[in-house]
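The values are calculated or read from the model by the stated rules, or taken from the named source; none is laboratory data. Computed from a predicted model, the values in this text were never measured in an experiment. Neighbour counts run over all protein chains shown; Cβ positions are idealised from the backbone, glycine included.
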C-alpha cells in the first residue's frame, strides 16, 4: 500500500516538476521580450529586463537650454545667465546625479555642486538634483551646452517603441504593413483548407464509394512528404498558370500543404462520431449534405477548432512559404517574419526595435492560444475520450 | 396502411451469407418482434428494412412500394436505436423536430407535432434540455418521441431497452406497448430478450443463423414450438429435452425410465423412432406439490440436487436420464439437497421432436 502510494506521489512530483520546467522555459523569453519592448535603448543597454522594476544608474547626455531661444538668456548683474533643470530639459522625472562632465572623454570629471570652467569666461554649475546655472561674460550663441551625467534613474516604461514601430507612417522599418500582410495571408490560408478538408473528411469517413480506402492511404502518405520538395515545381506551376508571386499563390500553397493533416485529423474525428446518430439522421430523412451541415459539422467543432489553431499558428509563423510564393522584389507584400529577418540585418543593434517587432509578431498567436486553448486540448484528445 | 413484406431476402458480406432467404409478411398495425441469439441476423434484417444495409437478394416492400433501392429517407420509416442516437448538440425540442425541419414543414406544424409527442411521452418539462442532461429512461423516451413525430408508416426498434436497468426496462416495455395502442402503426421490434418478445409482440419471429425458425403468436411459440431451438429459446427456464426411443406406446428414455407415449403424438410416430421428449419445468412437479393432473401423466422418482426458492414456488434441479432436469414445486417446503421425491409429468403438455431433424412431431 505504502509502495503504491509512494510510486504515485513520485510520479506526480516528476510531472509537476516537468510542468514547472516547461512553464519557466516558455515564460522566461516571452516575458523578457514583453518587458524589453517597453524599455528605452539606454535602459536595455545598461541593465537586463529583469531589473526593469528597480532604479538603476545610467549615463545620460543632456543638453542645457538653447541660448538662441527667446527668453532663455537673461542678464543678471551684467552676467549672461542660463538656468534650469537638466532632467526637466530632457523631459524626465526628478532624479539624483552623482558625477558629471562636459566632455565625452571625461564624463565623471566633476561631482554634484562643483563648477566647471568652459573657457572664454563661461562657467557651469550642476547640482545633485539637476539644477544648473550657466554663466558667461558675453552673450552666448550656438547649441545648448552638453552635459554628460551619471544618475540613478527610477524605473520607467515607454510606449514609444510601439508608437514608433506600429503607428509611425514615416518609419520604413515599421511593422504595421507587415502585420496586415500577415493577416491577409493567414486568415484565408486557415479558412480555405478547413472548408475543403471538412467536406473531404466527411466523405472519407461516412460515404461509401469505391477507392475510399486508397484515398485515405494517399492522404496519410502525403502527410510525410516534406513541403520543400514541392517548392520549386509549385512555383514554376504558379508562374506557368499566371498566378505568379502574390497572395493567391501563398493561399493555394498553404492550402495544399495544410490539407493532408487537416483531412487526416478531421476524418479521424468524424469517423469516431457514433454511427447510430448518423444512421438515425438518414432515417429521419436527411441527405448527406444535411447530415454534414446539421449533425457532423457541429459535433466536429472541437476538431475543426483545433486544426484551425494549428494552421493559423503555422501560417502566421511561416517564413519559407511566404518567401517563395509571396514576397517579390518590391517588398510591398513582406510579412512579419520576413520583416523581422530584415530588421535583424539592418537594425541588429537596436534591441528595443527587435524586441518590439518580435512581440508584435507573437502577440496574436499568444492571444489565439489563450482564447482557444481548451479546444486545442480537446481536439488533440479527439477520439481517445468518449464524451457524454 | 403499411404492410411490410420480405420475399426471399438475402444478405451477404462478401462470401459470408448472414441472412438466408427470409420470407415474412407483416400486417398493417401489427407489432412483430424479431428475436434470437446474437448473430442470428435479426438486426441485419431490421437494418435492411430501414435501408441502412443493402439487400443482396430478394425483395422488400413497404405498403405497395418495392423499397430495395430506396435510401432510408424515402421509405417513410422511423427507427429507434439501442444507444438512443440523440443529437447531442440539440435540445430535446430540436431533436424531436429534426425530421420535420429537414422535410421543410412549417414551424407551427413542427411545434404542434413536437408538443403532441412530448405530451404522449410526458417529456413536456424537458423540452429545452440537452440529451446529456437527461436520465437513461428520459433519453429513451426522446428517441421514441423522435420516431413518432413523423407519423411514419413503420416503426423500427433495434434493441431499444437493452441499455436500461432491469426496473426501467420493465417500465419502458409497458410504455412501448401503450404507445402502440395510442399510435396505431406497424412496428418491427428487434430484441434478444425473449421476455420482451413475449410481452410485446402480436407475432414473434424467432431467428437463428439467418433463418426464420418459427413465426407465431407468443402463445403459439410457447405452447407449440416448431423445433427444439424454439423450445429452449422461448420460456424461462428453458424446456427440458431428453433423448429416447419409441417402443410400442412408450418412450424409453436413454438411461432413464419408461414413459408412456403422450396421446396427442400417438399417430405421428413410428415404432423404433429416435425422438426427443420436451417438457417445461411447470409440467414436472413433485406429488403433493403439483397442480392436479387432468389428463394422462407419468410418475417416476427423481433425486433433487439443488433447489432455488422463488417464493410462491421453488425451482428444483434433478437428474433424469443422465441429464439435468428442472422441475417446479408449488406450495414449497424446505428441501434437503439429495432428497428423493416422487414426480408427476403432465403428458398432455409434453412435446416430441424428431431426434435427427429436431423438428416437432406434432
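Against the definition (in contact (Cβ under 8 Å) with a residue 24 or more places away in the chain and under 30 Å from residue A:262 (Cβ atoms)), how does residue A:196 come out, yes or no?
It is true that residue A:196 is in contact (Cβ under 8 Å) with a residue 24 or more places away in the chain and under 30 Å from residue A:262 (Cβ atoms).
Check residue A:253 against each of (1) within 14 Å of chain B (Cβ to nearest Cβ); (2) under 27 Å from the mean Cα position of the chain (by Cα) and name the one condition it does not meet.
(1)
Here are some residues: A:299, A:231. Which one is within 14 Å of chain B (Cβ to nearest Cβ) and in contact (Cβ under 8 Å) with a residue 24 or more places away in the chain?
The unique qualifying residue is A:299.
Test residue B:133 against the stated conditions and say whether it is farther than 22 Å from residue A:293 by Cα, surrounded by fewer than 20 Cβ atoms within 10 Å (Cβ to Cβ) and within 11 Å of another protein chain (Cβ to nearest Cβ).
yes
So residue A:291 fits all but one of (1) within 36 Å of the chain's Cα centre (by Cα); (2) touching a residue at least 40 places away in the same chain (Cβ under 8 Å); what number is the exception?
It is condition (1) that residue A:291 fails.
Is there any pair with a first residue in segment B:326-341 that is in contact (Cβ under 8 Å) with a residue 40 or more places away in the chain and in the same structural domain as residue B:292 (by TED's automatic domain parsing) and a second that is in a loop (DSSP other than H, G, I, E, B) and surrounded by 10 or more Cβ atoms within 10 Å (Cβ to Cβ) whose Cβ atoms are under 6 Å apart and which are 6 or more apart or on different chains, and what are they?
B:326/B:237; B:329/B:289; B:330/B:289; B:331/B:289
Working only within segment A:283-330, note down all residues that are within 30 Å of residue B:76 (Cβ to Cβ) and assigned to a loop (DSSP other than H, G, I, E, B).
The answer is A:284, A:285, A:286, A:287, A:300.
Is it true that residue B:61 is out of contact with any helix residue (DSSP H, G or I) (no Cβ under 8 Å at 6 or more places or on another chain), away from every other protein chain (no Cβ under 14 Å) and modelled with pLDDT of 90 or more?
yes
Looking only at segment B:23-53, which residues are part of a loop (DSSP other than H, G, I, E, B), touching a residue at least 40 places away in the same chain (Cβ under 8 Å) and within 14 Å of chain A (Cβ to nearest Cβ)?
Correct list: B:53 only.
Taking strands (runs of 3 or more DSSP E) that do not extend beyond segment B:162-269, which have at least 2 residues that are without any contact (Cβ under 8 Å) to a residue 24 or more places away in the chain and farther than 19 Å from residue B:27 by Cβ?
Result: B:250-253.
Please work out which one of (1) surrounded by 23 or more Cβ atoms within 10 Å (Cβ to Cβ); (2) at the interface with another protein chain (Cβ under 10 Å from one of its Cβ atoms) is the condition residue B:140 fails and give its number.
So residue B:140 meets the others, but not (2).
What residue, among those in segment B:77-88 that are in contact (Cβ under 8 Å) with a residue 60 or more places away in the chain and within 7 Å of chain A (Cβ to nearest Cβ), is surrounded by the most Cβ atoms within 10 Å (Cβ to Cβ)?
My answer is B:79.
Condition first: more than 7 Å from chain B (Cβ to nearest Cβ) and buried (at least 22 other Cβ atoms within 10 Å of the Cβ). Now tell me which residues in segment A:279-290 satisfy that.
Once the filter is applied, which keeps residues that are more than 7 Å from chain B (Cβ to nearest Cβ) and buried (at least 22 other Cβ atoms within 10 Å of the Cβ), segment A:279-290 yields only A:281.
I'm told residue B:72 meets every condition in (1) crowded, with 17+ Cβ neighbours inside 10 Å; (2) touching a residue at least 24 places away in the same chain (Cβ under 8 Å); (3) within 8 Å of chain A (Cβ to nearest Cβ) except one. Can you identify the failing condition by its number?
The one condition residue B:72 does not meet is (2).
If the requirement is being in contact with a helix residue (DSSP H, G or I) (Cβ under 8 Å, 6 or more places away or on another chain), surrounded by fewer than 17 Cβ atoms within 10 Å (Cβ to Cβ) and not assigned by TED's automatic domain parsing to the domain that holds residue A:34, which of these qualifies: A:344, A:354?
On inspection, the qualifying residue turns out to be A:344.
Looking at residue A:191, is it part of a helix (DSSP H, G or I), assigned by TED's automatic domain parsing to the domain that holds residue A:251, out of contact with any strand residue (DSSP E or B) (no Cβ under 7 Å at 6 or more places or on another chain) and closer than 20 Å to residue A:262 by Cβ?
Yes: the conditions hold for residue A:191.
Just one of A:274, A:302 is at pLDDT below 90, within 38 Å of the chain's Cα centre (by Cα) and surrounded by fewer than 21 Cβ atoms within 10 Å (Cβ to Cβ); which is it?
Checking each option against the conditions leaves just A:302.
Tally the residues that are out of contact with any helix residue (DSSP H, G or I) (no Cβ under 9 Å at 6 or more places or on another chain) and assigned to a strand (DSSP E or B), restricting the search to segment B:66-88.
1
Across segment A:245-256, which residue is nearest to residue A:181 (Cα to Cα) among those that are in contact (Cβ under 8 Å) with a residue 40 or more places away in the chain and surrounded by fewer than 18 Cβ atoms within 10 Å (Cβ to Cβ)?
Checked segment A:245-256; the qualifying residue nearest to residue A:181 (Cα to Cα) is A:247.
Kindly indicate whether residue B:62 is assigned by TED's automatic domain parsing to the domain that holds residue B:13, closer than 30 Å to residue B:130 by Cα and crowded, with 21+ Cβ neighbours inside 10 Å.
no
Of all residues in segment B:89-108, which are within 7 Å of chain A (Cβ to nearest Cβ), in a loop (DSSP other than H, G, I, E, B) and buried (at least 16 other Cβ atoms within 10 Å of the Cβ)?
Within segment B:89-108, just B:89 meets the criteria.
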